[in-house]
1. For segment A:327-392, rounded, prolate or oblate, judged on the Cα gyration tensor with a ≥ b ≥ c (square roots of eigenvalues), a/c < 1.5 rounded, else prolate if a/b > b/c?
2. How large is the dipole of segment B:217-269 about the Cα centre if only Lys and Arg carry +1 and Asp and Glu carry -1, each at its Cβ, rounded to the nearest 20 debye?
3. Under the definition of Cα pairs under 8 Å and six or more residues apart, what whole-number percent is the relative contact order of segment B:116-213?
4. Which three extents, in angstrom, do the Cα atoms of segment B:86-204 have along their principal axes, listed largest first?
5. Shortest first and in nm with one decimal, please list how far the B:ASP320 label point sits from its counterparts in the other copies (point 7 Å along Cα→Cβ).
6. For the cross-link pairs B:LYS56/B:LYS132; A:LYS158/A:LYS227; A:LYS132/B:LYS227; A:LYS308/A:LYS369; A:LYS109/B:LYS109, which exceed 32 Å when the distance is taken from alpha carbon to alpha carbon?
7. Taking a probe of 1.4 Å, how large is the accessible area per residue of segment B:309-392, in Å²?
8. Hey, for B:TYR191 with labels 7 Å out along Cα-Cβ, what do the inter-copy distances come to in nm, ordered shortest first?
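The values are calculated or read from the model by the stated rules, or taken from the named source; none is laboratory data. This structure is a prediction, so every number in the text was calculated from the model and none was measured. Here the Cβ positions follow ideal geometry from the backbone for every residue, glycine too, while neighbour counts run over all protein chains shown. All accessible areas refer to the heavy atoms of the entire protein, side chains included, with ligands and DNA or RNA removed. Shrake-Rupley method; radii C 1.70, N 1.55, O 1.52, S 1.80 Å.
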Protein chains: 2
Amino acid sequence: MRFMNNFSFYSPTHYVFGRGAEEQVGELTKAMGAHRVMIVYGMGSAVRSGLIERVKDSLKSAGIKTVEFGGVQPNPIDTKVYEGIGMARAEKIDGLVAVGGGSAIDTAKAIACGVPYNGDFWDFYCGKKTVKEALPLGVVLTIPAAGSEGSGNSVITKVEGLHKLSLRTESALRPKFACLNPEITFTLPPYQTASGIADMMAHIFERYFSQTENVEVTDRLAEGLLKAIIEEAPKVIANPTDYDARANILWSGTLAHNGLCGTGRAEDWVSHFMEHEVSAVYGVTHGAGLAVITPAWMTYMAEHCPAKIAQFGRRVFGIDTVNDREAALQGIGRLRNFFSSIGLPVTFEQLGVPDPDIDLLVAKLHENKGARIGGYYPLTSAETAEIYRLAL
Amino acid sequence: MRFMNNFSFYSPTHYVFGRGAEEQVGELTKAMGAHRVMIVYGMGSAVRSGLIERVKDSLKSAGIKTVEFGGVQPNPIDTKVYEGIGMARAEKIDGLVAVGGGSAIDTAKAIACGVPYNGDFWDFYCGKKTVKEALPLGVVLTIPAAGSEGSGNSVITKVEGLHKLSLRTESALRPKFACLNPEITFTLPPYQTASGIADMMAHIFERYFSQTENVEVTDRLAEGLLKAIIEEAPKVIANPTDYDARANILWSGTLAHNGLCGTGRAEDWVSHFMEHEVSAVYGVTHGAGLAVITPAWMTYMAEHCPAKIAQFGRRVFGIDTVNDREAALQGIGRLRNFFSSIGLPVTFEQLGVPDPDIDLLVAKLHENKGARIGGYYPLTSAETAEIYRLAL
């Protein structure tokens, strides 16, 4: 059926947004019922900036004990999750606070469901088991990008075989709270800022490009978020300490992926699946990979299923032409120009992968995801190979 | 400060949307921890349609005991709340399920906070006390309008003196769940459908017309919702059983008032305050009253503070003129035409109140709300009187 689909939407994350938001982490952690938490973070920038210390102070003031678990890498891996589960059990923690971006949060989520589970946490990621129980989790966000602070999802790479898989839960892995302070994002380097912007836009695209018809309300919400991001992005690149622009980007990143834009509609996710293979094999930044893959995917669709790509071109970039293919192609051109203007790659070469092993990427993609993939226009391996080539 | 404001957004309502959504009321009520609930409903249409029976069946199947509390009138009143509190205490209920629109839900909310409170529930509405505790509450929505199914707010009229006051809570009075089935709204009469549409649009306007600058993300979300509503409204009036159009309107009504569009910005609410006096004194339908008052308020603003009204005209109706006053006035003209086209009044006369007692309305308004009211452009009693006159 192409009618607006039945749905369930449950987003019980408490967002605390603005200057000093991270100072409330102690009270918020107490409110989620934890007494001894593991602080999960990345490669040390949150330590160097003093943020981890501020978070610990707030937790201490609220009477909460802490253990630290740092060193989570970008494109986070299963071996780190196993390490975290072991430490969490040994330390008898009853909650987690992730301080960082998607990698720290997704690792914390994997630990949160892995600790109470009597088996391999990977069972959840490969679809063998459903998450029934998880430790409560809070977030202090440092990178607006993955949207994991407001989603029930998590993406982890299995080191053996470089399989990057995502787990979706409706609410079991949604953070209980998320502290969102735009000032914390002032020090993000331009490339990371821009990659985050491509990531959040891709989260909207994956829901926007849908075969479900007559879903005007979510179409308009998605288009509105895209317009806001496109308006604000150049400002944060030009002036990294522009508070309002950072605030708009930060809140957009959360709303892009909390599920709202997907309510009642089929979703696509092929660009994400295709990029996951690229970042798993070549270690590129996920958002930068998406800036390369998404326009290539859209270009293929302009020839085969242009309607919604054309609507994007018209409504988001104001393209004024009645021909769908033409409106789509012009919109894609504007999108590529936008990505380039904020310093993102739009080809494999610009991404630093001049000669990708497309056969390998396609083989892993369909091994992980099946013979035909995608909700907007299901694709065979011949077609995904063509899309990878369109990104060369 | 005019920067994007710090905010806290916590919306832990579980939305179950689509055909048959009300059949989940039993399981959802069990999940909110209630065992013996009061079913709160209105003037009997939900009984006649068989909806109350279906709700009771679902609750019974889940092992939940019920008591019924019907007869809640539009513009719900405090005396009914006292009656409900008395019955709830006598019956030892531990939760409520409101079946209806804003009146049933707002009455249920007042009962929910009144039952555990050792004093007069009105203390919460006149700002003397903050709600600390409330019985859990679920909703089966029949009228998309008030947005109370997704808000922490409630509006009740005190019979003595006809004071209509609203209570806002962040999450204490948010429903635990809301069942939203577009098919249930098929039988709504056109005038009630249209009044609901004006009400949800007004909920967006009150947040959209803000002095907070650089809030592009919420500006765009608000504009997107308004565009979707304006697109879908004529369809539900022309064809009351158009499922998708009803679905878009239903979900828009919830999102218009769940707080999302107000995140990080000052709000206005003068049109609502002004209309509350009209419906309290003359008993008109709230949404119809808003279709009269809001354009009048906007017309006054076009002369005194046009910037955001002009943005509305340009972005929502595509008005193409550089002069703010002109863009505002053209946008207001388009809005009045839209309201008229779906059968709504846009003057006091069309509302059935050809000769309103403006002195009385203004006196009550400022007695209830203070000498200067409104977040967008604070208004004296001389100015609100002028706005009432602009609606003649």
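1. Here segment A:327-392 falls in the oblate category.
2. Approximately 60 debye in magnitude.
3. Relative contact order for segment B:116-213 comes out at 31 percent.
4. 42, 31, 25
5. 0.4
6. A:LYS158/A:LYS227; A:LYS132/B:LYS227; A:LYS109/B:LYS109
7. That works out to 46 Å² per residue.
8. Those separations, rounded to one decimal, come out as 6.6 nm.
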